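The values are calculated or read from the model by the stated rules, or taken from the named source; none is laboratory data. Note that this is a predicted model, so its numbers are computed, not measured. Glycine gets a Cβ as well: all are built from the backbone with ideal geometry, and neighbour counts include every protein chain shown.
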Amino acid sequence: MFHVKQSRCPHILLINPWITDFAAYNLWARPLGLLEIGGMLRDAGFQVTLIDCVDAENFGNGKGYRGKIGPYGTGKLRRTPVAKPPILAHIPRKFCRYGISPGEFRTHLASIPKPDLILVTSIMTYWYPGVRETIEILKDHFPKTPVWLGGIYATLIPRHAQEVGRPDRVIEGPFARKHLEEITDLLGSPPPARLETTGLPFWEGYKTHHFLCVRTSHGCPFQCPYCASHLLFPGFSEEPVQSLARDIVRLHDLYGIRDFAFFDDALLVNASSRLLPLLENLRGKGLRLRFHTPNGIHIRLITRKIADRLKDAGFVTLRLSLETVSPERMRRLGSKVTLAEFDRALDCLVRAGFSREDIKVYLLAGLPGQSYSEIEASVAAVLARGVRPSLAEYSPIPWTPLWNEAVKASPYPLATEPLTHNNILLPCGGDEITKERLDTLKQRIRAAFASSFPEDGAVKPELPPQEEPDEGHPREKPADVGEPGYIAFAEDTE
Ligand code: B12
C-alpha cells in the first residue's frame, strides 16, 4: 500500500474497480479523474491510499503481474475468465475480470489502516459489475466507513449506480471544491503540518509507471450526437500552459517517464493559445518526450504549423477522427470535417515527417441505421490514402442526442441494462453490421498493411493475426432483464 502520510490525519481510500468485459487492453488507461481527486486531497493534507484494482502489476498477491509491456508503455491486463451475465450468454467470447482478484483485494484491504472515507470511481457504464463487486467487498470489510461513488457511470446513470452499486452516496459530475469542503466538514481538517503541495495527480499511488496521462482541457466545445463529453463536463475549460508544462517536466523528473497520453476530448481546440505554447515551452528541455493521442483529434484543426509542431515535439501515436466518408452522415455528426480537409491534414502530417503508418483513422461502425456499404466505403477511402482505418464500434450512451434512436434500433434493453451498451455487442448493428462483416473489413485492413505502400515504397511490418486491442473512440459490445429499470427514455422526461 502507498501512503503519503503516517500522521493521525483523516485517511481517504481511493478505489478504481476492476473491469469486467470481453476485451480490455491498457491503451494508456489510468483513472485520471480519481488521481486528480487524490492529488487535491493529498495537497489538502489528507492521508491518501490508492487501490487500482485494474492494475495487477502493483497488487499481484505478492507475485505481481508483469504483462508484456508494448511500445510506448501500453500493455496487456491480467485477466481471469468469470461467469457471463445471462444477458451476454450468447456472445461467443470469454467474459473476464481484468485486474486483481476479489481475494487479493480483501488481502490488500486487510493490510491498510481503516479509512475514514472511501471514494470509488467508475468509467464505462457497462463495467458496473466491477463497481458493484468492489463496493460489496468494501462494505463488508469496512462496514462503518462511508463509500462515495463518482465518475462517468455514476454521472450518466446515477439511479442505476445507486440501486445496483449501493454506495452511501452517488456524486454526479466533476469533483469540485464544494466536495473538498464537504469532506473536510465530515472528517475534520487535516493537521496543519503538511507536506509540500505538488498540484499533481496522485501518481505516487502506483509503484511502477510505464506511461502517464495528462489533459490540457476539460469538456469539449463540440456536441457530437454519440458522445457524452458535454454531459460529463458542461462547457470547455483550459489548463494554464505554464502549470501544464511545469507538471509534465516534474512528472518526467519524478518517474523518468517519456510517454504521455493526452486524455483531452478536444486537444487541438485553441491550439495556438494552449497546445502550441505548451509544446514550445517543453521544447529544448532535452526530455525526449513521446506523446500519444488515443482519443481521436479533430482533422479540420490540423494545419501545417500544428503538424510540424506535433512532429517536432515527439508525437508518435496519432489518431484522427474521420468517423465516416458519407457526406450525409458527416452532416448528421456535426459537419466537423470534409474529405478535402482530411486530404489536406494528411498532406500536412506527411510533410511534417509522420509516416502514413503512424496515423490511424477512427471510423464509426454500428451507428443506428448505418449501412455496411457506408463503412466499407469509408474503409476503402482511408486505405486508398495509405493510412490505417480503425473501426470504433458504437457504444450507445444514455442522454446523448443519439440515445433515443439507439434504443429504438437495438434489440437489446439498452434503457434497463447497461451491460448492453458494450460496443462488442454492436448493440445497434442489427443484421446489417455484424461481427462477421466487420471482421472481413478488419482482415482487409490487415492485408493492406502486410504489403508495401506504392506511395513511399516502404515495407510495412506484418501485423499479428489476432484481433487488435479494443481501441479508443472517434474523438475522442438478449435474454432476461434482471436489473431494476434505471432510466426513462429522454423523450419521456423532457
Ligand atoms: C480517455 C478515454 C478513453 C481511453 C482510456 C479509457 C479507460 N479505459 O480508462 C481510450 C482511448 C482507450 C478509450 C476507449 C474507449 N472509450 Co473512452 N473515453 C475516454 C475519456 C476521454 C476519458 C475517460 C477517463 O478515463 N477519464 C478520467 C477522468 C478524466 O475522469 P473523469 O470522469 O473526468 O473524472 C472526474 C469526474 O468523473 C469525477 N469523479 C471521478 N471519479 C470520482 C469518484 C468520486 C467519489 C467523486 C466524488 C467524483 C469522481 O471527478 C473527476 C475529476 O473532476 C472519456 C470521455 C470523457 N470526457 O470523460 C471517454 C469515454 C469514457 N469513452 C467512451 C467509449 C464509448 C469508449 C470506447 C467504447 C470507444 C470505442 N467504440 O472503441 C472505448 C472502450 C475501450 C475499452 N474497453 O477500454 C465513452 C463511455 C461509454 C460508456 N458507455 O460508458 C466516453 C464517455 C466517451 C463518449 N463517447 O462519450 N477511452
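Going through the range 65-81 one residue at a time, which ones are surrounded by 18 or more Cβ atoms within 10 Å (Cβ to Cβ) and closer than 30 Å to residue 413 by Cβ?
77, 79
So how many residues does the range 351-391 have that are modelled with pLDDT of 95 or more and in contact with a Gly (Cβ under 7 Å, 6 or more places away or on another chain)?
Looking only at that region, the number is 2.
Being assigned to a helix (DSSP H, G or I) and farther than 23 Å from residue 220 by Cβ is the filter; apply it to the range 253-294 and report the residue that is farthest from the ligand (Cβ to nearest atom).
280
Any residue in the range 386-405 that is among the charged types (D, E, K, R), assigned by TED's automatic domain parsing to the domain that holds residue 331, farther than 18 Å from residue 231 by Cα and not in a helix (DSSP H, G or I)?
Yes; the residues of the range 386-405 include at least one that is among the charged types (D, E, K, R), assigned by TED's automatic domain parsing to the domain that holds residue 331, farther than 18 Å from residue 231 by Cα and not in a helix (DSSP H, G or I).
When residues of the range 111-133 are filtered for being among the polar types (S, T, N, Q), more than 13 Å from the ligand (Cβ to nearest atom) and either more than 16 Å from residue 59 (Cβ to Cβ) or part of a helix (DSSP H, G or I) (or both), how many remain?
Residues flagged as among the polar types (S, T, N, Q), more than 13 Å from the ligand (Cβ to nearest atom) and either more than 16 Å from residue 59 (Cβ to Cβ) or part of a helix (DSSP H, G or I) (or both) within the range 111-133 amount to 0.
Residue 420: of a type in the set (Ser, Thr, Tyr), within 15 Å of the ligand (Cβ to nearest atom) and in the same structural domain as residue 446 (by TED's automatic domain parsing), yes or no?
Yes: the conditions hold for residue 420.
Specify the residue that is farthest from the ligand (Cβ to nearest atom); the eligible residues are those in the range 174-198 that are of a type in the set (Gly, Ala, Ser) and loosely packed, with under 12 Cβ neighbours inside 10 Å.
The residue in question is 193.
Of all residues being among the small types (Gly, Ala, Ser) and not assigned by TED's automatic domain parsing to the domain that holds residue 293 in the range 199-232, which is surrounded by the fewest Cβ atoms within 10 Å (Cβ to Cβ)? Just the residue, please.
Applying the filter and picking the extreme gives 199.
Has the range 131-147 got any residue that is under 21 Å from the mean Cα position of the chain (by Cα) and among the aromatic types (Phe, Trp, Tyr)?
No.
Any chance the range 260-274 includes a residue that's surrounded by 20 or more Cβ atoms within 10 Å (Cβ to Cβ) and over 20 Å from the mean Cα position of the chain (by Cα)?
Checking the range 260-274: at least one residue is surrounded by 20 or more Cβ atoms within 10 Å (Cβ to Cβ) and over 20 Å from the mean Cα position of the chain (by Cα).
Filter the range 15-34 down to the residues that are within 8 Å of the ligand (Cβ to nearest atom), at pLDDT 95 or above and either of a type in the set (Asp, Glu) or outside any loop (DSSP other than H, G, I, E, B) (or both) and list them by number.
Within the range 15-34, 19, 21, 32, 33, 34 meet the criteria.
Condition (residue is within 11 Å of the ligand (Cβ to nearest atom), surrounded by fewer than 16 Cβ atoms within 10 Å (Cβ to Cβ) and modelled with pLDDT of 95 or more) applied to the range 241-252: is it met by at least one residue?
No, there is no match, as no residue in the range 241-252 is within 11 Å of the ligand (Cβ to nearest atom), surrounded by fewer than 16 Cβ atoms within 10 Å (Cβ to Cβ) and modelled with pLDDT of 95 or more.
Residues of the range 303-362 being hydroxyl-bearing (Ser, Thr, Tyr) and in contact with a helix residue (DSSP H, G or I) (Cβ under 6 Å, 6 or more places away or on another chain), which ones?
Hits for the range 303-362 are 324, 326.
Would you call residue 204 of a type in the set (Asp, Glu) and over 15 Å from residue 32 (Cα atoms)?
The answer is no for residue 204.
Looking only at the range 147-168, filter to residues that are surrounded by 16 or more Cβ atoms within 10 Å (Cβ to Cβ) and closer than 22 Å to residue 114 by Cβ; which one of those is nearest to the ligand (Cβ to nearest atom)?
If we take residues in the range 147-168 being surrounded by 16 or more Cβ atoms within 10 Å (Cβ to Cβ) and closer than 22 Å to residue 114 by Cβ, then 150 is nearest to the ligand (Cβ to nearest atom).
Testing residue 171 on (1) within 20 Å of the chain's Cα centre (by Cα); (2) surrounded by fewer than 18 Cβ atoms within 10 Å (Cβ to Cβ), one condition comes back false. Which one is that?
(2)
Every residue in the range 40-55 that is within 10 Å of the ligand (Cβ to nearest atom) and not in a loop (DSSP other than H, G, I, E, B), please.
Passing the criteria: only 40.
Can you spot a residue in the range 102-110 that is within 14 Å of the ligand (Cβ to nearest atom), aromatic (Phe, Trp, Tyr), surrounded by 15 or more Cβ atoms within 10 Å (Cβ to Cβ) and under 20 Å from residue 30 (Cα atoms)?
No, the range 102-110 contains no residue that is within 14 Å of the ligand (Cβ to nearest atom), aromatic (Phe, Trp, Tyr), surrounded by 15 or more Cβ atoms within 10 Å (Cβ to Cβ) and under 20 Å from residue 30 (Cα atoms).
Here's the yes/no breakdown for (1) within 14 Å of the ligand (Cβ to nearest atom); (2) among the aliphatic types (A, V, I, L, M); (3) closer than 26 Å to residue 440 by Cα; (4) surrounded by fewer than 16 Cβ atoms within 10 Å (Cβ to Cβ):
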{"site": "320", "(1), (2), (3), (4)": "yes, yes, yes, no"}
{"site": "325", "(1), (2), (3), (4)": "no, yes, yes, no"}
{"site": "328", "(1), (2), (3), (4)": "no, no, yes, yes"}
{"site": "351", "(1), (2), (3), (4)": "no, no, no, yes"}
{"site": "355", "(1), (2), (3), (4)": "no, no, yes, yes"}
{"site": "358", "(1), (2), (3), (4)": "no, no, yes, no"}
{"site": "371", "(1), (2), (3), (4)": "no, no, yes, yes"}
{"site": "376", "(1), (2), (3), (4)": "no, no, yes, yes"}
{"site": "379", "(1), (2), (3), (4)": "no, yes, yes, no"}
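Residues in the range 423-445 that are under 17 Å from residue 92 (Cα atoms) and either in the same structural domain as residue 87 (by TED's automatic domain parsing) or within 22 Å of the chain's Cα centre (by Cα) (or both): how many?
Of the residues in the range 423-445, 5 are under 17 Å from residue 92 (Cα atoms) and either in the same structural domain as residue 87 (by TED's automatic domain parsing) or within 22 Å of the chain's Cα centre (by Cα) (or both).
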